[in-house]
Amino acid sequence: MLDVLTGFVGELRAAGLPVSLTESIDAAEAVHHIPLEDRDALKYALAATLVKSSAHWKAFETAFEVYFSMRGPQYEFGDDDSSTGDLDSENDNETENRGRGEGRGQGSGGGEGLSPEELAEMLFRALLSANDAQVAALARQAVSRFAGMEPGRPVGGTYYLYRTLRNLDLDRVLERLMETARASAPEGQLTPLEERLARDEFKSRLDRLRRELEDEIRRRLVADRGTEALARSLRKPLPEEIDFMHATRDELASLRRAIHPLTRKLAVRLARKRRHGRKGPLDFRSTMRHSLSTGGVPVDPKFRYPRPAKPEIIVIADISGSVASFARFTLHLVHAISSQFSKVRSFVFIDGIDEVTRFFENVDDVADAVHRINTEADVVWVDGHSDYGHALSVFWERWGEEITPRSSVLLLGDARNNYHASQAWVISEIRHRARHVYWLNPEPRAYWGTGDSILGEYAVHCDDVFECRNLRQLEHFVTELA
Amino acid sequence: MSPASDKDGAVDGKTDAMGMLGFPDPGPPLFSSVTEVRERLAAVGYLADDGIAGVVHLADRLAKPVLVEGPAGTGKTELAKSVARVTGSRLIRLQCYEGLDESKALYEWNYKKQLLRIQAQRVVDDDGTKTGSPGDDDGAGDGVTSSWRDLEEDIFSEEFLLTRPLLEAIRSPDPVVLLVDEVDRVELETEALLLEVLSEYQVSIPELGTIRAQQIPLVFLTSNNTRELSEALKRRCLYLHLDYPSLERERDIVLARVPGVTEELADQIARIVRSLRTLELKKYPSVSETLDWARTLVVLGVESIDAEQAKATLHVLLKYRSDLERAAKELAVAGEDRA
């Protein structure tokens with residue numbers, strides 16, 4: 001058990017979770033107090049002692065599923081009884097379910113006797129009646145039929161999942177479920193509200209099915225390749241380390257959700273920092289004046305009041321296809337904490353440039369504003385390929401006057417200029433007027449200056465250039481800024 | 001400084017082996033199994049899922065505090081209260097806020113009473129007894145220092161100690177559930193105050209010595225996650241993340257907590273709330289708001305919800321105008337445009 005546990009902790013650390021020594025001792029201690037044959041109890045016990053942040057839950061769950069899945073039975077207490085017992089009960093379930101599924105496929109045929117249509121039909125029925133056990137059993141069969149898993153083939157689980165899902169065609173299943181629900185309604189018609197609720201209900205059932213499929217595939221992969229290898233291949237970045245540029249749609253959604261608490265956290269932290277801000281510099285005149293009462297000895301040094309820095313922020317973001325998702329996040333973030341800054345102005349460009357501050361005014365929903373920016377802002381000048389040089393020179397012409405010594409200018413983009421002229425002098429002019437000029441680049445540092453990236457030409461004029469590929473780096477930057 | 005260890009053995013320098021190893025003795029178990037935790041919590045109207053029950057069970061067995069994190073209104077505080085009710089313990093609550101300090105959380109000397117004591121001493125001294133006046137040189141100095149020492153020992157005794165929640169939880173001879181609410185509101189530095197109490201279950205008072213717990217209190221810390229808590233604090237705790245409940249659990253919660261609600265209505269409520277939580281809202285309806293909504297509907301005598309009623313009462317669930325508009329739109333229209 002200890003071996004499994006240390007291996008597990010090692011895997012968590014490799015996945016980026018900060019697990020300290022005391023925490024793993026706690027976990028070992030906790031394991032004493034729970035019935036080990038109860039897998040859920042074990043999971044919660046380990047989670048409670050090892051995972052101290054909800055953002056890390058998913059990584060933990062994946063690791064747990066891998067480490068304590070197939071080899072679970074023989075490792076948990078090494079008790080043969082429990083393991084066979086487990087398997088038996090599973091088989092029982094299966095046969096029982098199949099029995100209920102209109103008496104087909106009796107015995108332990110493993111579903112070979114079912115044609116794909118029959119399987120789909122049974123699945124549909126199980127989903128309709130929300131029969132979880134049966135759905136799980138059918139998911140197992142679906143995987144063995146459709147995924148076409150071959151031992152030793154070095155493909156990830158997602159590939160098998162995709163193949164299974166394609167065969168099951170869940171979208172059509174959803175439509176069929178909806179039709180059945182409609183047909184069974186009293187007037188043969190659902191009110192919009194009922195319709196919506198039914199749809200959500202079925203969707204959640206389908207989600208459960210999808211999870212079942214994933215679990216099943218993972219179980220098989222573990223059996224095939226062994227724990228360590230699989231754990232490594234399944235390791236996913238933690239939410240705060242997801243790369244903006246390569247995030248999948250699910251990851252983007254989770255990032256969007258993560259950004260809201262993040263802004264709140266940042267706001268709190270910034271407010272606190274300001275309030276407890278360091279004292280101002282020594283006020284020499286005041287100190288001398290007060291020293292008169294002590295005969296010219298400066299007993300009581302006086303300090304200037306710290307002036308709260310309320311920087312004005314000008315964001316100039318590249319929203320061309322290559323970096324769009326990154327720019328969107330930064331706009332989100334900057335505007336979410338705009339209460340911390342006296343003024344935030346945003347500009348977006350591709351090869352033309354446009355001010356988009358107005359879209360954010362009096363808008364509750366930043367996502368909506370971003371959408372409007374993408375559709376309404378006038379950012380295309382010639383062909384809609386990024387042209388930093390033109391965009392920057394237009395910016396300087398039209399808005400250059402409005403940059404004040406209080407403004408911090410943030411430039412967001414990868415500086416891939418499609419071999420246009422760089423017009424780097426604009427940046428140096430801006431820097432003369434502004435307090436700071438920062439460049440945030442969503443590309444890995446190693447790629448800077450390769451191909452048509454001309455970051456180097458701009459970078460010499462900036463105060464600093466940051467690599468900003470994930471939430472953690474972005475968060476770090478914003479704290480620095482305020 | 002000599003500890004005045006006369007009061008019910010609470011104050012001492014006792015070191016037992018378990019304490020030395022960092023494992024406080026958890027005492028007799030409060031619950032025999034996870035299932036028992038869940039059943040007994042259910043009996044007082046708190047429906048715990050496996051995760052919650054498991055962590056409570058572990059907290060009792062390992063004598064470790066539980067850090068409960070999650071969105072507002074998912075029953076974090078309620079969990080502590082229910083556990084207190086189940087175990088028949090007293091609930092001691094420390095509400096955290098910015099600027100909370102030692103004298104509000106741990107203990108404070110009763111300054112006024114101490115002053116009074118000193119005043120009283122002086123009156124006694126001035127009146128007739130005449131053990132020696134400060135002006136006297138010979139022999140009297142001895143009397144002054146000894147009476148001074150007496151006085152000092154006197155005014156720094158437990159009589160003049162005002163216990164604040166943390167110390168009180170430690171000193172209580174009866175079982176106690178300590179709830180440290182919204183611990184994310186205190187500053188990072190103040191968190192350190194909690195550390196000694198949480199890991200060793202003891203409080204060090206310079207004038208008195210170390211006060212150890214007579215029984216290990218069950219400690220719950222709640223956090224709304226407005227900031228990252230320090231590693232030191234997290235390390236000492238078991239972690240429990242309370243998210244919005246599943247459909248089934250939410251329905252059962254409504255059934256358990258709202259008198260007069262029918263099963264059908266509860267089911268409908270839970271389903272609508274789940275649908276709302278899939279929308280992109282500023283603030284998702286919490287469990288407590290679901291309960292409020294259920295109560296509202298019961299009071300209004302609603303048997304089953306249709307779109308109109310839902311729209312009219314949604315303001316109980318949603319607290320932002322933009323959220324309300326979006327929800328009303330989604331719930332009423334979403335079905336039609338796809339059908």
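The values are calculated or read from the model by the stated rules, or taken from the named source; none is laboratory data. Note that the coordinates shown come from a computational prediction; the quantities given were computed from them, not determined experimentally. When we count neighbours, we look across all protein chains shown, and the Cβ atoms used for this are built from the backbone with ideal geometry, even at glycine.
Among the residues of segment B:240-252, the one identified as among the charged types (D, E, K, R), surrounded by 18 or more Cβ atoms within 10 Å (Cβ to Cβ) and in contact (Cβ under 8 Å) with a residue 40 or more places away in the chain is B:E250.
The single condition among (1) under 29 Å from the mean Cα position of the chain (by Cα); (2) without any contact (Cβ under 8 Å) to a residue 40 or more places away in the chain that A:A415 does not satisfy is (2). Picking from residues in segment B:60-82 that are more than 8 Å from chain A (Cβ to nearest Cβ), small (G, A, S) and touching a residue at least 60 places away in the same chain (Cβ under 8 Å), the one that is surrounded by the most Cβ atoms within 10 Å (Cβ to Cβ) is B:A80.
A single member of B:G9, B:G22 is within 11 Å of another protein chain (Cβ to nearest Cβ) and modelled with pLDDT under 80, and it is B:G22. What number of residues within segment A:185-238 satisfy the criterion of being at pLDDT 70 or above, farther than 20 Å from A:R140 by Cα and of a type in the set (D, E, K, R)? Of the residues in that region, 6 qualify.
Tell me whether segment A:440-448 contains one or more residues that are at pLDDT 85 or above and of a type in the set (K, R). Checked segment A:440-448: no residue is at pLDDT 85 or above and of a type in the set (K, R). Of the set (1) in a helix (DSSP H, G or I); (2) touching a residue at least 24 places away in the same chain (Cβ under 8 Å); (3) away from chain A (no Cβ under 13 Å), all apply to B:T296 but (2). Tell me which residues, restricted to segment B:276-314, are touching a Leu at 6+ places or on another chain (Cβ under 6 Å) and not hydrophobic (A, V, I, L, M, F, W, C). Matches in segment B:276-314: B:P285, B:E289. Taking the conditions (1) modelled with pLDDT of 85 or more; (2) more than 17 Å from B:F220 (Cβ to Cβ); (3) polar (S, T, N, Q); (4) assigned by TED's automatic domain parsing to the domain that holds B:L179 in turn, B:S32 satisfies each one other than (1).
Does A:A424 satisfy being surrounded by fewer than 22 Cβ atoms within 10 Å (Cβ to Cβ) and touching a helix residue (DSSP H, G or I) at 6+ places or on another chain (Cβ under 6 Å)? It would help to see each step written out before you state the result.
Numbers: surrounded by fewer than 22 Cβ atoms within 10 Å (Cβ to Cβ): yes; touching a helix residue (DSSP H, G or I) at 6+ places or on another chain (Cβ under 6 Å): yes.
Answer is yes for this residue.
For segment B:282-293, the criterion of being more than 20 Å from B:K76 (Cα to Cα) and either touching a helix residue (DSSP H, G or I) at 6+ places or on another chain (Cβ under 6 Å) or more than 9 Å from chain A (Cβ to nearest Cβ) (or both) is met by at least one residue.
Count, please, the residues in segment A:392-418 that happen to be of a type in the set (S, T, N, Q) and more than 22 Å from A:H335 (Cβ to Cβ). Spell out how you get there, then give the answer.
So the first thing to find is which residues in segment A:392-418 are of a type in the set (S, T, N, Q), and the list is A:393, A:404, A:407-408, A:417-418.
Still in the list and also more than 22 Å from A:H335 (Cβ to Cβ): A:393, A:417-418.
Count: 3.
Looking only at segment B:299-327, count how many residues are assigned to a loop (DSSP other than H, G, I, E, B) and touching a residue at least 24 places away in the same chain (Cβ under 8 Å).
Step one: of segment B:299-327, the residues assigned to a loop (DSSP other than H, G, I, E, B) are B:300-306, B:317-320.
Keeping just the survivors that are touching a residue at least 24 places away in the same chain (Cβ under 8 Å) gives B:302-305, B:317-320.
Count: 8.
Inspection of segment A:428-448 identifies no residue that is surrounded by fewer than 13 Cβ atoms within 10 Å (Cβ to Cβ), assigned to a strand (DSSP E or B) and not hydrophobic (A, V, I, L, M, F, W, C).
When the criteria are applied in full, B:T190 meets the requirement of being modelled with pLDDT under 85, within 14 Å of another protein chain (Cβ to nearest Cβ), farther than 26 Å from B:S89 by Cα and not in a loop (DSSP other than H, G, I, E, B). Scanning segment A:49-64 for residues that are within 12 Å of another protein chain (Cβ to nearest Cβ) and in contact with an Asp or Glu (Cβ under 7 Å, 6 or more places away or on another chain) gives A:T49, A:L50, A:S54, A:A55.
Kindly check whether there is at least one residue in segment B:151-174 that is assigned to a helix (DSSP H, G or I) and in contact with a Gly (Cβ under 9 Å, 6 or more places away or on another chain). Steps first, answer last, please.
Of all residues in segment B:151-174, those assigned to a helix (DSSP H, G or I) come to B:151-155, B:158-160, B:165-171.
Checking which are in contact with a Gly (Cβ under 9 Å, 6 or more places away or on another chain) leaves us with none.
No, segment B:151-174 contains no residue that is assigned to a helix (DSSP H, G or I) and in contact with a Gly (Cβ under 9 Å, 6 or more places away or on another chain).
Residue-wise test of (1) more than 21 Å from B:K76 (Cβ to Cβ); (2) in contact (Cβ under 8 Å) with a residue 24 or more places away in the chain; (3) surrounded by 18 or more Cβ atoms within 10 Å (Cβ to Cβ).
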{"residue": "B:L162", "(1), (2), (3)": "yes, yes, no"}
{"residue": "B:L167", "(1), (2), (3)": "yes, yes, yes"}
{"residue": "B:R171", "(1), (2), (3)": "yes, yes, yes"}
{"residue": "B:E182", "(1), (2), (3)": "no, yes, yes"}
{"residue": "B:V186", "(1), (2), (3)": "no, yes, yes"}
{"residue": "B:T190", "(1), (2), (3)": "no, yes, yes"}
{"residue": "B:S223", "(1), (2), (3)": "no, yes, yes"}
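Take the residues in segment B:253-312 that are out of contact with any Gly (no Cβ under 7 Å at 6 or more places or on another chain), of a type in the set (S, T, Y) and at pLDDT 85 or above; name whichever of them is surrounded by the most Cβ atoms within 10 Å (Cβ to Cβ). Break it down stepwise before answering.
Our first condition is that a residue be out of contact with any Gly (no Cβ under 7 Å at 6 or more places or on another chain); within segment B:253-312, this holds for B:253-255, B:258-285, B:290-297, B:299-312.
Imposing the further condition that a residue be of a type in the set (S, T, Y) reduces the set to B:262, B:275, B:278, B:284, B:290, B:296, B:304.
Among the residues that remain, those that are also at pLDDT 85 or above are: B:262, B:290, B:296.
Details: B:T262: 13, B:T290: 28, B:T296: 16.
In this case the residue turns out to be B:T290.
Residues in segment A:1-27 that are among the charged types (D, E, K, R) and more than 23 Å from the chain's Cα centre (by Cα): A:D3, A:E23, A:D26.
Can we say B:V197 is over 30 Å from B:Q309 (Cβ atoms), more than 13 Å from every other protein chain (Cβ to nearest Cβ) and part of a helix (DSSP H, G or I)? Show your work before the answer.
Details: over 30 Å from B:Q309 (Cβ atoms): yes; more than 13 Å from every other protein chain (Cβ to nearest Cβ): yes; part of a helix (DSSP H, G or I): yes.
Yes, satisfied.
Among the residues in segment A:37-55, are any buried (at least 16 other Cβ atoms within 10 Å of the Cβ) and either in contact (Cβ under 8 Å) with a residue 60 or more places away in the chain or more than 23 Å from B:A53 (Cβ to Cβ) (or both)? Yes, because at least one residue in segment A:37-55 is buried (at least 16 other Cβ atoms within 10 Å of the Cβ) and either in contact (Cβ under 8 Å) with a residue 60 or more places away in the chain or more than 23 Å from B:A53 (Cβ to Cβ) (or both).
Which count do you get for residues in segment A:36-48 that are closer than 20 Å to B:Y244 by Cβ and more than 10 Å from every other protein chain (Cβ to nearest Cβ)?
Count: 0.
Give me the helices (runs of 4 or more DSSP H) completely within segment B:33-101, filtered to those with at least 2 residues that are over 24 Å from A:H56 (Cα atoms) and under 14 Å from the mean Cα position of the chain (by Cα), ordered by residue number. Give the steps one after another, and end with the answer.
Details: elements: B:34-43, B:50-62, B:76-87.
Counting at least 2 such residues, we get B:76-87.
Annotation: of all residues in segment B:253-281 being in contact (Cβ under 8 Å) with a residue 40 or more places away in the chain and of a type in the set (S, T, N, Q), the one that is nearest to the other protein chains (Cβ to nearest Cβ) is B:S275. Of all residues in segment B:225-246, those satisfying the criterion of being within 7 Å of chain A (Cβ to nearest Cβ) and in a helix (DSSP H, G or I) are B:K234, B:R235.
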